[in-house]
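The values are calculated or read from the model by the stated rules, or taken from the named source; none is laboratory data. Model, not experiment: these values are computed from the prediction. Glycine also receives a Cβ, built like all others from the backbone with ideal geometry; neighbour counts cover every protein chain displayed.
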Amino acid sequence: MGSPFILLNYKTYNQGTGQGAVEIARACRNVSEESGIEIAVAPQLPDIYRVASEVELPIFSQHMDGVGAGSFTGHVFGKCIKEAGAVGTLINHSERRLTLAEIEASLKAAKEFGLKAVICTNNVPTTAAAAALEPDYVAIEPPELIGSGIPVSKADPEVVSGSVEAVAKINSGVKVLCGAGISKGEDLRAALDLGSQGVLLASGIVKASDPKAALEDLIRLV
Ligand code: G3P
């Protein structure tokens, strides 16, 4: 298999807000350059332009809506995040759930604007359903393990391998990420050994006292 994809979600953590968003992105860019591993970040929406202006690395939005140009107050418009510097977006994160119709609309809009789409899911059946929509990635994250420090790749390996198998049957072009509690080299290694092509993670890196060192530890067994 090829090099894994690491997507770091900043959520609304203080450490990843404002100038902190830029500093963590620099750490990611440096580790990515040193290792050759693709690392992308998902800062808060108002920080996308700031990060894109100062650091060269792939940036994802934490959310986008399936709206076009027009009368949509308070929505996240795909064209706007693309022009701000994003190359992709999370859709349906566990902390930003959407209806099935909204997921489909958001994915359609992401494709229209040339944004990569990562649909987040919570179990094997929802992962299979998401894969049928043909996003670039699905990211399986059991909600109960998010932010727990207990890695999904060790606590619930079946949900990762089951998702990988389900997606392979539905659309082998869709890549599978897993997330929740991932922070150490062993966690990423276990995730890859279960067949996932990367990880979606947050607290273990964003809240670390030294995010660069935490990232170096994360990739040490790749
Ligand atoms: O989007 C990543 C996520 O929900 C996992 O969070 O803090 O368990 O790595 P965390």
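Assess whether ALA131 counts as being away from the ligand (no atom under 15 Å from the Cβ) and touching a strand residue (DSSP E or B) at 6+ places or on another chain (Cβ under 6 Å). Yes. Scanning the range 194-215 for residues that are assigned to a helix (DSSP H, G or I) and either within 16 Å of the ligand (Cβ to nearest atom) or free of Cβ contacts under 8 Å to residues at least 12 places away in the same chain (or both) yields SER203, GLY204, ILE205, VAL206, PRO211, ALA213, ALA214, LEU215. Hey, does the range 166-174 have a residue that's within 16 Å of the ligand (Cβ to nearest atom) and either closer than 18 Å to VAL41 by Cβ or in a helix (DSSP H, G or I) (or both)? No - not one qualifying residue is present in the range 166-174. Go over the candidates ILE91, ILE103, ILE146, ILE170 one by one and state the one that is among the aliphatic types (A, V, I, L, M) and under 20 Å from LEU215 (Cβ atoms). Going through ILE91, ILE103, ILE146, ILE170 in turn, just one is among the aliphatic types (A, V, I, L, M) and under 20 Å from LEU215 (Cβ atoms): ILE146.
Would the range 86-93 turn up any residue that is more than 16 Å from the ligand (Cβ to nearest atom), within 14 Å of the chain's Cα centre (by Cα) and either free of Cβ contacts under 8 Å to residues at least 12 places away in the same chain or more than 25 Å from ASP187 (Cα to Cα) (or both)?
Checked against the condition, which is being more than 16 Å from the ligand (Cβ to nearest atom), within 14 Å of the chain's Cα centre (by Cα) and either free of Cβ contacts under 8 Å to residues at least 12 places away in the same chain or more than 25 Å from ASP187 (Cα to Cα) (or both), the range 86-93 yields at least one hit.
Screening the candidates ALA101, ALA110, ALA52 for the property of being touching a Lys or Arg at 6+ places or on another chain (Cβ under 9 Å) and part of a helix (DSSP H, G or I) yields one hit, ALA110. Criterion applied to SER61, SER106, SER53, SER71 was being small (Gly, Ala, Ser) and either within 13 Å of the chain's Cα centre (by Cα) or modelled with pLDDT under 95 (or both), and the one residue passing it is SER61.
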